[in-house]
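Read the structure below first, then the notes.
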Amino acid sequence: MMLRFAILLGAAALGAEPLVTGFERFHASTPTAEGGRLLYNELGCVNCHGGETGLPAMRGPALALVTQRVRSEWLRRFIANPAATHAGAVMPQVLAKADEPTLVAIEHYLASLKSKAAASKAPAKIMHVNGGRGGELFHALGCVACHAPGKDFVPPEGLPKASEFTHRSVGFSDLKAKYSLESLGAFLSDPLKVRTDGRMPKIAMEKQDAIDIAGYLLEFQGSDGRMDNPVVPADVDRTLAIAGRKAVIAAQCAACHDLPKDAAAKPVALKQAEGGCLDADHAKGPRYALSAAQRASLKLYLARRGETASPKLAADLTLQALNCVACHERDGKGGPDAGRKPYFQGDHNLGDTGRYPPPLSGVGGKLRPEWLAKVLLGENRVRPYLKTRMPQYGAATAELGKLLGVADARAPLKFEGGDDTAGRKLMGTQGGAGCITCHRWGDRPSLGIQGPDLSNIAARLQEGWLREYLIDPSAYRPGTLMPSFWPTGKSFNPSILGGDTDKQIASIFKFVESANGEPEGFPRNRNGEFEIVPKERPVVQRAFTEGVGVRAILVGFPTGVHLAYDGEKGGPALAWKGRFFDAYLTWYSRFPTFEKPLGTQVVAWPKPPGRFLGYRLDAKGNPTFLNEQGGVKVEETYEGVDNGFRRTITWAPTPDFVPAIAHPADMKPTEGPAAAGRRVFTYLWK
C-alpha cells in the first residue's frame, strides 16, 4: 500500500524504534542528556512518571470521535501493536496481551465517548476530488518537510538522489485501511482538533484543498467523492463498553489521552534507570522498541532529571520536538536536507531566500515579542512568495515566544537622532539606497523583484538586530541577495546626515515608524491613470489576482458589478461592485504582483472543482467559460444586469450527473426556471 511513497531514502531507512525526528537528527549519533530530555517528553514518559522537562506536553490524539474517524479493523490492530501497524509510532505497546474480544470491547468504549466540542451537522457528502491537484499541494505547501515526497511527483529541478535524503521521514501507516476520503480530509483541514499537542500542525487551506490532498494520499481513483467507502462505526454495546473501560483504565491510557475522570490514570513511581521500559527484555508495563542510542540518552537524562532546562535549551528542544527545524535553520543546524530542497518553491528571482523559510538564529532577538507571538499563531506573514506555508501549532507554542526572547536576548538599543525626511530619501531611489527597487511598501509593489514588505519593520524588528543586519546582511543569511549599504559600518552616501551610519539607520527606522508617506521614487502614474472603466460592453482582462491566483480572468460589466473567474480550475471566484481594475502593474511591470479589485466590497465563491478549458465571447462581449467536471463539459455564460449579473450554466444532460454549483455566502442568487442540462441564476448586489 502507499507505493507512491516508497521512495528510496538511503541513510533515512526506517528502523523499528519510535521515531522522534529531533532526536534522530540531532542526538542519535552521540547519546546526550539533552536528547534524553527530548525523548522523555516526546515518548510520553513524563505523562506517567512526572517531572518537568520544560517542553510542550506531548499528548495522544483525541479519542472521543476516533471510531468515526478511523476504520475498526485498523484501530484494533493499532491498539494491539502500534509499532507493527505504523512504523515509527511513539505510542508504546500497552496491550500486548489483549485478545480480540478485549480489543473489540475497547473499541466499543471509545465509541461511547462524547466529544467536548459542540455537536456539528453531518458533513456534506464529498462531490468532487482531484488527486492530481492534491499531489501538487502536498509537495508545495510544506508536507514533504516532514513526510517523504512521492516518487510520482517530479519537482521543477528534477528528482533528487536517494542519497540526498539524510534524515528520516515521518512515515504513513496504511492510510487506505485507516481513513476514508471524508475522514482524512476532515483531519487534514484541522489536525489540531485531533492532535491538540501540535505535533501534526495545521496548515491553512480550503476544505477542497484538504479533500484533494486526501485523494492523493489515498490514491483515490476517479473524481466522484460519492464513490468513497466511508468509515462506519459499530453500534455501541453497553456491556462491551463497560468491559472496554476496565481495560483502558488498567492500561493507564488516560496518562496520554484525554478521557473521562472515571478513567483517570494513576501516577507511576519512577524506578532506577535500569529495568522497566529501558530494559529491552522487560515483560511488564509499556513496551518500547528503543534503540541503543535512545536507551543510552534516556539513562543520561534520568541521572540528571532534577536539573531545570535553561531557556535556550528549552527553546531549542521545543523547536526540535515540533520539527520546526525541518524547514528552518537555527545556529547552523537544521533546515531541509538536500533531498527535500528541490520541493521548496517560491520566487526564484530572490534566490534561495525566495524558496526557503528564513533562519531562526537569534529570532527571539530579531522580532519584537508582539510580532513573534502572532507569527507562532500563523499570522503576520511577510513572505507571500514562499509556497511553503507557516503552520499553526496551537497550545504547543504558547511559551515558545517567551523562551526565544530570553534565549536570544540582545543588549537593548533605542535609535536616537533619526530624521524621517532623511529616512524617506534613504529608502527611495532618488539618491537613496533604492530599497523599493527590491522591497514592497505596504500595498505598493517594488519596482523589481518582490522582497518582503518594509512598511512594517518598525513593528516587526528590534532595533539592535536591524542595525547589525543592514551593516552585514550575509552574516545572518549567507548567499542573500541583500547588499550592504554600510559595509564595515561606513555609509554609502556621505551627503545624507554627514554619512553618519547610526543616524542614517535611525532615520530609516523613524520614517517607517512615522508612517508619514512613502519612499521617494514610486511612479506617480500608479493611481488611476491605467484604470479600466467598462462603458459600452464588457471588458475581459487577465491578471494575477489576490484570492484567485495567476490565471484569473477579470470581467468588467458596464452595469457596475464585476467578476473574477478562476482560469485554472474553472469556476467563478470573486464578485465586487463599483470600480473595476487598475491595469498599470499588469501591463507594465516585469514582476506583476497579485492585484486586488478596485471595489470596496468583495465576495468570494468556494474553490471550483473543475478543469478550465477556455472561453469565448458573444457579439455583445459577454463571456462563456468552458470547464469540465467529472468528464462532463460545462459552459457558464455571464451577462450584466442592473446591480448584478446573470449566470447561465449548461451541459449535455447526462444520467447521474449534476455539476457542482456553489454561490458566495454573502450573495445569494435568484434561480430561474430549470431545464434538463440548464440552470440560470441572477446575482444582485445587496
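The values are calculated or read from the model by the stated rules, or taken from the named source; none is laboratory data. Note that the structure is predicted; figures quoted are calculated from it, not measured. For neighbour counting, all protein chains shown are included, and Cβ atoms are generated from backbone atoms with ideal geometry for every residue, glycine included.
Here are the numbers for the structure shown:
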{"item": "Qualifying residue in the range 74-85 (condition: in the same structural domain as L270 (by TED's automatic domain parsing), crowded, with 20+ Cβ neighbours inside 10 Å and not in a helix (DSSP H, G or I))", "result": "no"}
{"item": "Among the candidates R647, R678, residue that is at pLDDT 90 or above and crowded, with 17+ Cβ neighbours inside 10 Å", "result": "R647"}
{"item": "Residue in the range 335-356 that is at positive phi and either in contact with a Cys (Cβ under 8 Å, 6 or more places away or on another chain) or among the basic types (K, R) (or both) present", "result": "yes"}
{"item": "Among residues of the range 71-82, those that are within 24 Å of L322 (Cα to Cα) and β-branched (V, I, T), counted", "result": "0"}
{"item": "Residue match in the range 417-424 (condition: more than 16 Å from K510 (Cβ to Cβ), modelled with pLDDT under 90 and surrounded by fewer than 19 Cβ atoms within 10 Å (Cβ to Cβ))", "result": "no"}
{"item": "Checking A269 against (1) closer than 26 Å to A16 by Cβ; (2) assigned by TED's automatic domain parsing to the domain that holds M91; (3) in a loop (DSSP other than H, G, I, E, B); (4) not β-branched (V, I, T), the condition it does not meet", "result": "(1)"}
{"item": "Wholly within the range 343-412, helices (runs of 4 or more DSSP H) carrying at least 1 residues that are of a type in the set (K, R) and closer than 25 Å to R59 by Cα", "result": "369-375, 400-407"}
{"item": "Failed condition for A315, given (1) crowded, with 21+ Cβ neighbours inside 10 Å; (2) touching a Cys at 6+ places or on another chain (Cβ under 8 Å)", "result": "(2)"}
{"item": "Which listed residue is surrounded by 16 or more Cβ atoms within 10 Å (Cβ to Cβ), among the hydrophobic types (A, V, I, L, M, F, W, C) and over 30 Å from H147 (Cβ atoms), from L400, L466", "result": "L466"}
{"item": "Search result, residues across the range 281-300 that are touching a Leu at 6+ places or on another chain (Cβ under 7 Å) and surrounded by fewer than 18 Cβ atoms within 10 Å (Cβ to Cβ)", "result": "K299"}
{"item": "R460 vs. criteria surrounded by 15 or more Cβ atoms within 10 Å (Cβ to Cβ), at pLDDT 90 or above and either under 28 Å from G346 (Cβ atoms) or of a type in the set (D, E, K, R) (or both)", "result": "yes"}
{"item": "Count of residues meeting criterion [touching a strand residue (DSSP E or B) at 6+ places or on another chain (Cβ under 7 Å), under 14 Å from L386 (Cβ atoms) and surrounded by 20 or more Cβ atoms within 10 Å (Cβ to Cβ)] in the range 348-367", "result": "1"}
{"item": "The one condition in (1) in a loop (DSSP other than H, G, I, E, B); (2) surrounded by fewer than 17 Cβ atoms within 10 Å (Cβ to Cβ); (3) polar (S, T, N, Q) that T624 fails to fulfil", "result": "(1)"}
{"item": "Residues within the range 423-442 that are aliphatic (A, V, I, L, M) and either in the same structural domain as R383 (by TED's automatic domain parsing) or assigned to a loop (DSSP other than H, G, I, E, B) (or both), tallied", "result": "1"}
{"item": "Count of the range 255-266 residues which are among the small types (G, A, S) and in a helix (DSSP H, G or I)", "result": "2"}
{"item": "Inter-residue pairs, beta-carbon under 9 Å, first free of Cβ contacts under 8 Å to residues at least 24 places away in the same chain and farther than 15 Å from L95 by Cα and in the range 69-84, second part of a helix (DSSP H, G or I) and polar (S, T, N, Q), 6+ apart", "result": "none"}
{"item": "Positions within the range 451-468 being in contact (Cβ under 8 Å) with a residue 12 or more places away in the chain and in a helix (DSSP H, G or I), in sequence order", "result": "I457, A458, A459, R460, E463, G464, W465, L466, R467"}
{"item": "Filter result for the condition that a residue is touching a Ser or Thr at 6+ places or on another chain (Cβ under 8 Å), among the small types (G, A, S), touching a residue at least 24 places away in the same chain (Cβ under 8 Å) and assigned by TED's automatic domain parsing to the domain that holds Y565, over G610, G630, G599", "result": "G630"}
{"item": "Conditions (1) more than 38 Å from the chain's Cα centre (by Cα); (2) over 19 Å from P609 (Cβ atoms): number failed by D666", "result": "(1)"}
{"item": "Matching entry among V658, V602 (being of a type outside the set (S, T, Y) and at pLDDT 90 or above)", "result": "V602"}
